[in-house]
1. Can you list residue pairs whose Cβ atoms sit under 6 Å apart, with the first residue in the stretch 202-225 being acidic (Asp, Glu) and the second being assigned to a loop (DSSP other than H, G, I, E, B)? Count only pairs 6 or more apart in sequence or on different chains.
2. Got at least one residue in the stretch 405-422 being in a loop (DSSP other than H, G, I, E, B), modelled with pLDDT under 95, within 25 Å of Arg27 (Cβ to Cβ) and open to solvent by 10 Å² or more (accessible area, probe 1.4 Å)?
3. For the stretch 171-192, which residues satisfy the criterion of being among the acidic types (Asp, Glu) and either farther than 22 Å from Lys374 by Cα or in contact with a strand residue (DSSP E or B) (Cβ under 6 Å, 6 or more places away or on another chain) (or both)?
4. If I ask for residues that are modelled with pLDDT of 80 or more, in a strand (DSSP E or B) and more than 29 Å from Pro275 (Cα to Cα), which ones from the stretch 138-180 would you list?
5. Considering every residue within the stretch 235-247, establish whether at least one is of a type in the set (A, V, I, L, M, F, W, C) and either in contact with a His (Cβ under 7 Å, 6 or more places away or on another chain) or surrounded by fewer than 24 Cβ atoms within 10 Å (Cβ to Cβ) (or both).
Amino acid sequence: MNKYEKSEALFAKACRYIPGGVNSPVRAFKSVGRNPIYIDHGKGGHIIDVDGNEYVDYISSWGPLILGHANPLIQEAIRAELEKGTSYGACNAREVEMAALITQFFPSVEKVRMVNSGTEATMSAIRLARGYTGKDKIIKFDGCYHGHSDSFLIQAGSGLATFGTSGSAGVTDRVAQDTLVATYNDIDSVEALLKRFQDSVAAIILEPVMGNMGCILPAPHFLQELRSLADQYGVLLIFDEVISGFRMGRGGAQGVYGIQPDLTCMGKIIGGGLPVGAFGGKKEIMDALSPNGPVYQAGTLSGNPLAMAAGIAMLQQLSAPDFYDRLEERATKFEQLIRPVIEKYPEELSFNRAGSLCTLFFKPHGVASNADAKQADTQKYAQYFNAMLEKGIYLPPAQFECMFISVAHTDEDFEKTAKALSETLAEMFG
């Protein structure tokens, strides 16, 4: 009996109408050697697929469901707003309330503009940085992912202080030449680029805690040194907190590490599970945006009232004085249960956690950079993923992604996960 029969049929049909059968590549499950499963619904820390299989969910819609699936207050907020309409292409009171809430979470954000995705937020932020500074080049970091706009699909060049090269068909050489690639956690690589291109760099952009090569933490003082270099060379510092924002703590990674970037990109959580993004920062920079300034950015559905209502209901719950204590308690409990299992295999595994983000790497002796992460054994990860799926644990279908803990995950969920992990690793390594 095929326990994934309906999912298999849906994927076969999807392949006839959708490129690759999916609307985002990681969903194809190619890196774990199987076809995707199709989710029917979720509740709390669990999801149920179209065949009725239930899983403990550690993807949480790639981060936004920090309160778990089907949160009743968010659902009620959406229903109430839905009765009024779905979209107006005009100003609405919800977007003003959302903007005010975001500035309360992030002291570095004095003004904010809503967009429709994290990709749109980062794309708009670098356009704003270029327009504000009058410079063309940006510095990004090898392994940091900022969405699929052309400027970010650039791979590292062949040596220090070189131009990046296109990482995707359709990205022109000129775009690649305007994107410089540094090494995460290597401040010297950044300074070398700034010295060489000091008159043409508009901004440095990074995930302060990497989330798209798995969870990788900044080295001590790395972010502080970046802030100092940005000030020294007169370039803007942009934090992409689409993943880390609201998950690391009330003020995101910048709050945890005590760094104030010039611009911050946000997404996911501020939509309560609906499509949304935002970017914000210092007033004088944000006022360079049209209609106040010369940098054009627009979106018909930006500030959509349904997304704003869901996001407001989310952020109001995250504003509770004890919320982040409760989230950290859940994440700590998870680590306490799985780390003893992982430590039985020091020559096979490493584990990183930052707040409610974490990754199990199939690489020994720690992961502190993109180069470290690339040494992970992706075939073993695929074996691990499939074994855990069969045991009712839904993990990221790629080694280079984060797991996301929510306050809806229970001790029972964590105990089930630790048991499944122990059995799976014993099967793999003996």
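1. As it stands, the answer is Glu207/Cys144, since those pairs meet every condition given.
2. Scanning the stretch 405-422, I find no residue that is in a loop (DSSP other than H, G, I, E, B), modelled with pLDDT under 95, within 25 Å of Arg27 (Cβ to Cβ) and open to solvent by 10 Å² or more (accessible area, probe 1.4 Å), so the answer is no.
3. Listed by number, the residues that qualify are Asp173, Asp178, Glu191.
4. Residue satisfying the conditions is Leu180 alone.
5. Looking for residues that are of a type in the set (A, V, I, L, M, F, W, C) and either in contact with a His (Cβ under 7 Å, 6 or more places away or on another chain) or surrounded by fewer than 24 Cβ atoms within 10 Å (Cβ to Cβ) (or both), one finds none in the stretch 235-247, hence no.
The values are calculated or read from the model by the stated rules, or taken from the named source; none is laboratory data. Computed from a predicted model, the values in this text were never measured in an experiment. Here Cβ is always computed from backbone atoms with ideal geometry, including for glycine, and neighbour counts include all displayed protein chains. What goes into the accessible areas is simple: the full protein's heavy atoms, side chains included, and nothing from ligands, DNA or RNA. Shrake-Rupley method; radii C 1.70, N 1.55, O 1.52, S 1.80 Å.
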